[in-house]
Amino acid sequence: MFWCCRSLRKRNAFIPKVVQVSVALTTTTYELQRLTCILERAVESVGAPYNKFQELLGKISQEQVQVDAYSSLVAAEQQQSIEANLEMLSNSGGANHQQLAKVLDDLQRPINRMDDYLKSLQDQLQAAERLQILEWLSTLPYKKYHNQAQKNILQGTGAWFLKNKQLLEWRVSSFSSILWLHGIPGSGKTKLT
């Protein structure tokens with residue numbers, strides 16, 4: 001009886017990890033949908049060709065399908081491993097603590113691997129798509145201008161802006177994803193980038 005309760009506690013401690021991975025996948029899906037809405041609004045506001053945008057959106061959707069496929073694959077692998085390990089434990093008629101620790105380690109490995117892979121995939125997708133979208137939105141050599149604007153910045157430049165109440169509210173707000181800075185020429189907007 002004591003061993004059974006102990007194994008249930010260990011197995012139940014594993015469940016939050018599965019939930020955490022599921023939440024991460026849901027968050028990733030939500031972020032991709034949010035990015036899609038932002039891009040659609042940006043395309044509509046600048047009047048850019050909609051076909052190119054649809055092509056980029058299709059690539060994002062394809063990557064999302066791949067993420068979902070990997071997620072399903074890992075979930076199936078994990079379920080099979082759990083079932084096999086539970087079967088082994090029930091057949092052993094009270095296996096010792098070391099066997100239970102091995103089972104839990106075996107269960108944790110695919111979760112860690114999936115978590116690392118999903119983080120890597122999301123980072124790669126975001127970086128590549130962001131660069132591709134920026135290059136598509138503007139043919140200007142923005143990197144050159146940005147690097148030039150970063151030169152000669154004094155320590156503390158823009159600190160007042162980072163503490164600004166409106167900026168802090170915008171960062172935590174879910175209503176708008178665009179912050180529009182306006183000011184007269186020479187007021188320092190470029191230096192804030």
Given the conditions (1) among the aromatic types (Phe, Trp, Tyr); (2) under 14 Å from residue 129 (Cβ atoms); (3) modelled with pLDDT of 75 or more, every one holds for residue 53 apart from (3)
Does residue 67 satisfy being in a helix (DSSP H, G or I), at pLDDT below 80 and touching a helix residue (DSSP H, G or I) at 6+ places or on another chain (Cβ under 7 Å)? no
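For every residue, the table says whether it meets (1) surrounded by 12 or more Cβ atoms within 10 Å (Cβ to Cβ); (2) of a type outside the set (Lys, Arg); (3) not in a helix (DSSP H, G or I).
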{"site": "59", "(1), (2), (3)": "yes, no, no"}
{"site": "99", "(1), (2), (3)": "yes, yes, no"}
{"site": "108", "(1), (2), (3)": "yes, yes, no"}
{"site": "113", "(1), (2), (3)": "yes, no, no"}
{"site": "130", "(1), (2), (3)": "no, no, no"}
{"site": "152", "(1), (2), (3)": "no, yes, yes"}
{"site": "160", "(1), (2), (3)": "no, yes, no"}
Are any residues in region 104-121 under 20 Å from the mean Cα position of the chain (by Cα) and at pLDDT 80 or above, and if so, which ones? 110, 111, 112, 113, 114, 115, 116, 117, 118, 119, 120
Could you grab the pairs with beta carbons closer than 9 Å, sequence gap of 6+ or different chains, first residue in region 64-84 and within 21 Å of residue 105 (Cβ to Cβ), second one of a type in the set (Ser, Thr, Tyr)? 74/117; 75/22
If the Cβ limit is 8 Å and pairs must be 6+ apart or interchain, which residue in region 158-170 that is under 14 Å from residue 193 (Cα atoms) and assigned by TED's automatic domain parsing to the domain that holds residue 188 pairs with which residue that is of a type in the set (D, E, K, R) and not in a loop (DSSP other than H, G, I, E, B)? 158/191
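The values are calculated or read from the model by the stated rules, or taken from the named source; none is laboratory data. Worth saying up front: this structure is predicted, and the values here are computed from it rather than measured. Neighbour counts are summed over all protein chains in view; Cβ atoms, including those assigned to glycine, are modelled from backbone coordinates with ideal geometry.
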